[in-house]
Amino acid sequence: MTTDWNPILRGEFEKPYWKDLQTFVATERAQTAVYPPHDQVFHALHTTSFASTRVVILGQDPYHGPGQAHGLCFSVNRGAAIPPSLTNIFKELRNDLGIAPPGHGHLESWARQGVLLLNATLTVRANAAASHQGKGWETFTDRVIASVAEKTDHVVFILWGASARKKKGLIVDAAGGPRHTIIESAHPSPLSANNGFFGSRPFSRTNDALHTHGQPVIDWAIAANNDDA
(Lines give C-alpha, C1' and ligand atoms only; values in the text may rest on other atoms or scores of the structure.)
Protein backbone atom coordinates (compact mmCIF):
# COMPACT_ATOMS: atom_id res chain seq x y z
CA MET A 1 0.00 0.00 0.00
CA THR A 2 1.74 3.16 -1.18
CA THR A 3 -0.82 5.84 -0.30
CA ASP A 4 -1.10 8.01 2.81
CA TRP A 5 -3.00 5.13 4.42
CA ASN A 6 0.28 3.26 4.82
CA PRO A 7 1.57 4.92 8.01
CA ILE A 8 -1.93 4.79 9.51
CA LEU A 9 -2.48 1.08 8.87
CA ARG A 10 1.09 -0.24 8.94
CA GLY A 11 0.70 -1.50 12.48
CA GLU A 12 -2.02 -3.91 11.35
CA PHE A 13 0.44 -5.71 9.09
CA GLU A 14 2.53 -6.67 12.12
CA LYS A 15 -0.32 -8.37 13.97
CA PRO A 16 -0.85 -12.16 14.02
CA TYR A 17 -4.36 -11.93 12.51
CA TRP A 18 -2.95 -10.29 9.38
CA LYS A 19 -0.58 -13.16 8.63
CA ASP A 20 -3.35 -15.69 9.20
CA LEU A 21 -5.71 -13.71 6.98
CA GLN A 22 -3.24 -13.48 4.11
CA THR A 23 -2.47 -17.20 4.37
CA PHE A 24 -6.20 -17.96 4.22
CA VAL A 25 -6.78 -15.78 1.16
CA ALA A 26 -3.72 -17.19 -0.63
CA THR A 27 -4.92 -20.74 0.05
CA GLU A 28 -8.37 -19.84 -1.28
CA ARG A 29 -6.90 -18.33 -4.44
CA ALA A 30 -4.83 -21.47 -5.01
CA GLN A 31 -7.93 -23.63 -4.86
CA THR A 32 -10.67 -21.56 -6.51
CA ALA A 33 -11.57 -18.16 -7.92
CA VAL A 34 -11.54 -15.29 -5.44
CA TYR A 35 -12.86 -11.80 -6.08
CA PRO A 36 -11.77 -9.13 -6.60
CA PRO A 37 -8.44 -9.88 -8.33
CA HIS A 38 -5.39 -9.66 -6.10
CA ASP A 39 -4.32 -6.27 -7.46
CA GLN A 40 -7.73 -4.72 -6.75
CA VAL A 41 -8.29 -5.84 -3.17
CA PHE A 42 -7.21 -2.45 -1.80
CA HIS A 43 -8.63 -0.40 -4.65
CA ALA A 44 -10.77 1.68 -2.30
CA LEU A 45 -7.74 2.80 -0.31
CA HIS A 46 -5.63 3.37 -3.41
CA THR A 47 -8.32 5.50 -5.05
CA THR A 48 -9.49 7.51 -2.03
CA SER A 49 -6.65 8.79 0.12
CA PHE A 50 -7.02 9.26 3.85
CA ALA A 51 -6.53 12.99 3.46
CA SER A 52 -9.26 13.31 0.84
CA THR A 53 -11.84 11.09 2.57
CA ARG A 54 -14.92 13.12 3.48
CA VAL A 55 -17.65 10.54 2.91
CA VAL A 56 -17.63 6.83 3.78
CA ILE A 57 -20.12 4.34 2.33
CA LEU A 58 -19.91 0.92 3.96
CA GLY A 59 -20.67 -2.34 2.21
CA GLN A 60 -20.50 -5.89 3.51
CA ASP A 61 -18.40 -7.97 1.11
CA PRO A 62 -17.56 -7.96 -2.61
CA TYR A 63 -19.86 -9.19 -5.35
CA HIS A 64 -19.12 -12.88 -5.87
CA GLY A 65 -19.87 -13.26 -9.58
CA PRO A 66 -17.22 -13.19 -12.34
CA GLY A 67 -16.25 -9.79 -13.68
CA GLN A 68 -18.13 -7.80 -11.06
CA ALA A 69 -16.01 -6.81 -8.06
CA HIS A 70 -13.11 -4.41 -8.43
CA GLY A 71 -12.52 -3.28 -4.85
CA LEU A 72 -15.13 -0.53 -4.42
CA CYS A 73 -18.29 -1.41 -2.50
CA PHE A 74 -21.53 -1.48 -4.50
CA SER A 75 -19.53 -0.75 -7.69
CA VAL A 76 -19.03 -3.15 -10.60
CA ASN A 77 -16.61 -3.24 -13.48
CA ARG A 78 -17.52 -1.62 -16.74
CA GLY A 79 -19.53 -4.02 -18.87
CA ALA A 80 -20.96 -5.92 -15.90
CA ALA A 81 -24.72 -5.98 -15.34
CA ILE A 82 -25.89 -3.55 -12.66
CA PRO A 83 -26.74 -5.54 -9.50
CA PRO A 84 -30.14 -5.07 -7.85
CA SER A 85 -28.84 -3.11 -4.85
CA LEU A 86 -27.01 -0.68 -7.11
CA THR A 87 -30.11 -0.35 -9.29
CA ASN A 88 -31.97 0.77 -6.17
CA ILE A 89 -29.17 3.17 -5.25
CA PHE A 90 -29.54 4.76 -8.66
CA LYS A 91 -33.33 4.94 -8.21
CA GLU A 92 -32.87 6.81 -4.95
CA LEU A 93 -30.27 9.06 -6.57
CA ARG A 94 -32.81 10.01 -9.23
CA ASN A 95 -35.55 10.60 -6.67
CA ASP A 96 -33.23 12.56 -4.38
CA LEU A 97 -31.31 14.75 -6.83
CA GLY A 98 -32.93 14.12 -10.21
CA ILE A 99 -29.80 12.42 -11.54
CA ALA A 100 -30.52 9.82 -14.21
CA PRO A 101 -28.88 6.37 -13.93
CA PRO A 102 -25.69 6.27 -16.00
CA GLY A 103 -26.33 2.91 -17.68
CA HIS A 104 -23.38 1.23 -15.95
CA GLY A 105 -22.35 0.54 -12.38
CA HIS A 106 -18.81 1.89 -12.17
CA LEU A 107 -18.61 4.28 -9.20
CA GLU A 108 -14.98 5.32 -9.36
CA SER A 109 -15.85 8.96 -9.97
CA TRP A 110 -17.36 9.04 -6.48
CA ALA A 111 -14.22 7.49 -5.01
CA ARG A 112 -12.01 10.06 -6.73
CA GLN A 113 -13.95 12.85 -5.04
CA GLY A 114 -13.31 11.55 -1.53
CA VAL A 115 -16.08 8.97 -1.13
CA LEU A 116 -14.45 5.92 0.47
CA LEU A 117 -16.36 2.92 -0.88
CA LEU A 118 -15.31 0.38 1.73
CA ASN A 119 -16.46 -3.20 2.19
CA ALA A 120 -16.12 -4.69 5.67
CA THR A 121 -14.70 -7.85 4.05
CA LEU A 122 -12.34 -7.27 1.14
CA THR A 123 -12.40 -10.66 -0.60
CA VAL A 124 -14.92 -13.41 -1.33
CA ARG A 125 -14.92 -16.90 -2.82
CA ALA A 126 -16.60 -17.15 -6.22
CA ASN A 127 -20.33 -17.80 -6.00
CA ALA A 128 -20.23 -17.95 -2.20
CA ALA A 129 -21.47 -14.78 -0.53
CA ALA A 130 -19.97 -14.02 2.89
CA SER A 131 -17.45 -16.85 2.49
CA HIS A 132 -14.52 -14.70 3.72
CA GLN A 133 -16.31 -13.08 6.63
CA GLY A 134 -14.91 -13.68 10.08
CA LYS A 135 -11.40 -14.39 8.81
CA GLY A 136 -9.79 -11.10 9.84
CA TRP A 137 -10.79 -8.54 7.24
CA GLU A 138 -13.26 -6.94 9.65
CA THR A 139 -10.45 -6.25 12.13
CA PHE A 140 -8.55 -4.41 9.41
CA THR A 141 -11.50 -2.43 8.05
CA ASP A 142 -12.66 -1.54 11.55
CA ARG A 143 -9.28 0.13 11.95
CA VAL A 144 -9.87 2.01 8.68
CA ILE A 145 -13.26 3.22 9.91
CA ALA A 146 -11.92 4.23 13.32
CA SER A 147 -9.03 6.10 11.69
CA VAL A 148 -11.41 8.13 9.55
CA ALA A 149 -13.56 8.84 12.61
CA GLU A 150 -10.49 10.31 14.30
CA LYS A 151 -10.11 12.95 11.59
CA THR A 152 -10.59 16.54 12.68
CA ASP A 153 -12.24 17.41 9.36
CA HIS A 154 -15.94 16.62 9.19
CA VAL A 155 -16.86 13.30 7.56
CA VAL A 156 -20.22 11.86 6.53
CA PHE A 157 -20.69 8.15 7.22
CA ILE A 158 -23.47 6.44 5.22
CA LEU A 159 -24.61 3.23 6.89
CA TRP A 160 -27.03 1.14 4.84
CA GLY A 161 -28.45 -1.94 6.54
CA ALA A 162 -27.95 -3.70 9.85
CA SER A 163 -24.39 -4.85 9.17
CA ALA A 164 -23.15 -1.34 8.39
CA ARG A 165 -25.10 0.20 11.24
CA LYS A 166 -23.27 -2.04 13.70
CA LYS A 167 -20.16 0.03 12.91
CA LYS A 168 -21.72 3.15 14.40
CA GLY A 169 -19.96 2.52 17.71
CA LEU A 170 -16.58 2.81 16.01
CA ILE A 171 -17.49 6.19 14.62
CA VAL A 172 -19.00 7.70 17.75
CA ASP A 173 -16.53 6.23 20.24
CA ALA A 174 -13.41 6.95 18.21
CA ALA A 175 -14.54 10.53 17.66
CA GLY A 176 -15.31 11.06 21.33
CA GLY A 177 -18.94 11.78 20.52
CA PRO A 178 -21.10 12.43 17.45
CA ARG A 179 -18.62 14.81 15.83
CA HIS A 180 -19.36 13.52 12.34
CA THR A 181 -22.59 13.12 10.42
CA ILE A 182 -24.04 9.59 10.39
CA ILE A 183 -26.77 8.81 7.86
CA GLU A 184 -28.51 5.50 8.54
CA SER A 185 -31.21 3.63 6.68
CA ALA A 186 -32.31 0.23 5.48
CA HIS A 187 -30.10 -1.53 2.94
CA PRO A 188 -30.75 -0.86 -0.78
CA SER A 189 -31.26 -4.58 -1.39
CA PRO A 190 -34.63 -5.43 -2.98
CA LEU A 191 -35.43 -7.30 0.25
CA SER A 192 -35.28 -4.13 2.35
CA ALA A 193 -35.20 -1.03 0.14
CA ASN A 194 -38.91 -0.36 0.68
CA ASN A 195 -38.41 -0.44 4.45
CA GLY A 196 -36.64 2.89 4.71
CA PHE A 197 -33.99 3.14 2.02
CA PHE A 198 -36.25 4.69 -0.59
CA GLY A 199 -36.98 8.23 0.48
CA SER A 200 -33.98 8.48 2.82
CA ARG A 201 -32.29 11.06 0.54
CA PRO A 202 -28.72 10.14 1.50
CA PHE A 203 -27.09 12.06 -1.35
CA SER A 204 -28.63 15.47 -0.71
CA ARG A 205 -28.27 14.99 3.05
CA THR A 206 -24.59 14.21 2.59
CA ASN A 207 -24.03 17.34 0.54
CA ASP A 208 -25.98 19.44 3.02
CA ALA A 209 -23.76 18.19 5.85
CA LEU A 210 -20.58 18.76 3.85
CA HIS A 211 -21.66 22.28 2.91
CA THR A 212 -22.60 23.09 6.50
CA HIS A 213 -19.12 22.10 7.65
CA GLY A 214 -17.23 23.93 4.91
CA GLN A 215 -16.43 20.86 2.83
CA PRO A 216 -16.83 20.67 -0.96
CA VAL A 217 -19.97 18.80 -1.96
CA ILE A 218 -19.93 15.59 -4.01
CA ASP A 219 -20.96 15.59 -7.66
CA TRP A 220 -23.01 12.39 -7.56
CA ALA A 221 -23.62 12.38 -11.31
CA ILE A 222 -21.78 9.61 -13.17
CA ALA A 223 -20.85 10.00 -16.81
CA ALA A 224 -23.17 7.91 -18.97
CA ASN A 225 -20.41 7.25 -21.50
CA ASN A 226 -18.88 4.71 -19.10
CA ASP A 227 -15.73 6.79 -18.78
CA ASP A 228 -16.11 8.22 -15.32
CA ALA A 229 -12.61 7.58 -14.00
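Per q in 0.17 1/Å, what log10 I(q)/I(0) does a Debye calculation on the alpha-carbon atoms of segment 1-130 return?
-0.95
Using a cut-off of 12 Å between beta-carbons, work out the net charge of the residues near THR27 (Lys and Arg +1, Asp and Glu -1, THR27 not included).
Computed value for this residue: +1.
Return the calculated 222 nm mean residue ellipticity for the chain, to the nearest 500 deg cm²/dmol, obtained by summing -39500 (n - 2.57) across DSSP H runs with n ≥ 4 and dividing by the residue count.
Result for the chain, helices only: -9500 deg cm²/dmol.
Under a 5 Å amide H to amide H cut-off, with H placed in plane at 1.01 Å, what residues pair with ILE182 once short-range neighbours are removed?
Placed amide hydrogens put PHE157 under 5 Å from ILE182.
Let me see the pair-distance distribution of the chain: every alpha carbon pair, 5 Å bin width, integer percents in order.
1, 7, 14, 20, 21, 18, 11, 6, 2, 0, 0
In sequence order, what are the phi-derived ³J(HN,Hα) couplings for segment 5-16 according to the Karplus relation 6.51 cos²θ - 1.76 cosθ + 1.60 with θ = phi - 60°, rounded to whole Hz, with x for glycine and proline?
Karplus-based 3J(HN,Hα) across segment 5-16 equals 6, 4, x, 6, 9, 4, x, 5, 6, 8, 8, x Hz.
Taking the Cα centre of the chain as origin, sum charge times position over the Cβ atoms of Lys and Arg (+1) and Asp and Glu (-1), and report the length of that vector in debye to the nearest 20.
For the chain, the charge dipole is close to 320 debye.
What's the whole-number percent of alpha carbon pairs in segment 48-95 lying beyond 18 angstrom? Could the numbers behind the result be given before it?
On the way: 431 of 1128 pairs.
Of all Cα-Cα pairs in segment 48-95, 38 percent lie more than 18 Å apart.
Give the carbon-plus-sulfur fraction of the accessible surface of segment 95-212 in %, rounded to a whole number; probe 1.4 Å, heavy atoms of protein chains only.
47 percent
Quick one: which residues, 5 or more positions from ASN119 or on another chain, have an amide H under 5 Å from its amide H? H modelled 1.01 Å from N in the peptide plane, none for Pro or chain starts.
GLY59, CYS73
Considering Cα pairs under 8 angstrom that are at least six residues apart, work out the relative contact order of the chain and quote it in whole percent. Don't jump to the answer; show the numbers that get you there.
Details: 406 pairs, mean separation 54.5, N = 229.
Reported as a whole number, the value is 24 percent.
What size of dipole, in debye to the nearest 20, comes out for segment 1-95 about its Cα centre when the only charges are +1 on Lys and Arg C-beta atoms and -1 on Asp and Glu C-beta atoms? Please report the intermediate quantities before stating the final value.
Values: 8 positive and 8 negative charges, 56 e Å.
Once rounded to the nearest 20, the dipole reads 280 debye.
Rounded, prolate or oblate: which fits segment 1-52, taking a ≥ b ≥ c as square roots of the Cα gyration tensor eigenvalues, rounded meaning a/c under 1.5, else prolate when a/b beats b/c?
oblate
Please label the shape of segment 118-161 as rounded, prolate or oblate, based on the square roots a ≥ b ≥ c of the eigenvalues of the alpha-carbon gyration tensor (a/c under 1.5 means rounded; beyond that, a/b larger than b/c means prolate, else oblate).
It comes out prolate by the Cα gyration axes.
In debye, nearest 20, what is the charge dipole magnitude of segment 129-173 about its Cα centre with +1 on Lys and Arg Cβ and -1 on Asp and Glu Cβ, if you could check?
Its charge dipole is roughly 160 debye.
Please give every one of the lysines within straight-line cross-link reach of LYS15, meaning a C-alpha to C-alpha distance under 29 Å, and leave out same-chain neighbours fewer than 8 residues apart.
Straight-line reach from LYS15, under 29 Å: LYS135, LYS151, LYS166, LYS167, LYS168.
From the phi angles alone, apply the Karplus equation (6.51, -1.76, 1.60; θ = phi - 60°) to segment 138-151 and give each ³J(HN,Hα) in whole Hz, x where the residue is Gly or Pro.
Coupling constants for segment 138-151: 5, 4, 5, 6, 4, 5, 4, 4, 4, 5, 5, 5, 7, 5 Hz.
The values are calculated or read from the model by the stated rules, or taken from the named source; none is laboratory data. This one's a predicted model, so the numbers in the text were calculated from it and none came from an experiment. We place every Cβ from the backbone using ideal geometry, glycine too, and count neighbours over all the protein chains shown. Please note that ligands, DNA and RNA were not included when accessible areas were found on the heavy atoms of the full protein model with its side chains. Shrake-Rupley method; radii C 1.70, N 1.55, O 1.52, S 1.80 Å.
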